[in-house]
Amino acid sequence: MTDTSTDAPAPTTPAPVRVAIVDDHESVRLGIQAACQAEGFDVVLTAAGVQELVESLAGREVDVVVLDLSLGDGSTVTENVKRVQATGSAVLVHSIADRVASVREALAAGAAGVIPKSSATKTVMAAVATVARGDVLNNLEWASAIDADRDFAKAQLGRREREILHLYASGLPLKLAAQQLGIGYSTAREYLDRIRVKYVEVGRPAPTKVDLLRRAVEDGILPGLDADGDGR
């Protein structure tokens, strides 16, 4: 009798999202930990501060660190976000919604998004999953922090510059973005260089493609183009 069975590999189960939680209130840490575990996430550790987080990780990486915006240890928002990023993790800020200036500082430092502490648990878990995928969390809190900050200067981009930024920051290679707009690659490169110069001029440098994505989201160019423009 011929053996017709196959040895096809069993489907692989995706690894669970690895999460760490930093908050100086134990009850908050326990609440987020329980919600993450119920969602199937792997809570690697919880900590009362970023120093404790770094020491406890000991070189291990997690996908997302849910970070309290204001820790009671004298540390700054920028310092905390940068130190967490240095571990290789994305940062999801867990914030009291009225601290707009601090939220703005966290976003400027590179946080992938902010979720209010008043949010429903399912909303917080969805935000964790979004950031774990490497996506930027573009929500009302992000927009409100930017709109409320009078010092937050938008780069004055022309219509064609916004189109290039929209396509390129969305993930399209520059050559394909140029083809889609019916312009040459060198022209598209000039537009991109000009965009970067303009962001430097308003104090919001964007040297990498990820930075350009962040600027595009901050300025309302993603997920959609603004209707106004100068027609260039």
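The values are calculated or read from the model by the stated rules, or taken from the named source; none is laboratory data. These figures come from a predicted structure and were not determined experimentally. Every residue, glycine as well, gets a Cβ built from its backbone with ideal geometry; the counts of neighbours run over all protein chains shown. Note: areas computed on protein heavy atoms with side chains; ligands, DNA, RNA excluded. Shrake-Rupley method; radii C 1.70, N 1.55, O 1.52, S 1.80 Å.
The length gained on full extension between Ala126 and His25, counted as 0.36 nm times the residue separation minus their Cα-Cα distance, comes to 34.1 nm.
Would you check the accessible area of Asp193, probe 1.4 Å, heavy atoms only, in square angstrom rounded to 10? Asp193 exposes around 70 Å² with every protein chain in place. Extension gain, Thr78-Glu190: 0.36 nm per intervening residue step, less the Cα-Cα distance, totals 37.1 nm.
Under the rule a/c < 1.5 gives rounded, and otherwise a/b versus b/c splits prolate from oblate, where does region 43-133 land using the Cα gyration tensor? It comes out oblate by the Cα gyration axes. Once the gyration tensor of the Cα atoms in region 19-96 is diagonalised, the equivalent ellipsoid follows with semi-axes of 17, 15, 11 Å, ordered largest first. Residue pairs exceeding 31 angstrom between C-alpha atoms, taken from Lys122/Lys175; Lys117/Lys154; Lys175/Lys198; Lys82/Lys117; Lys117/Lys198; Lys82/Lys175: Lys122/Lys175; Lys117/Lys198; Lys82/Lys175. Using R0 = 30 Å, the C-beta based FRET efficiency linking Val200 and Gln85 works out to 0.90. Here the extension length gained between Ser118 and Glu52 equals 21.2 nm, from 0.36 nm per residue of separation less the Cα-Cα distance.
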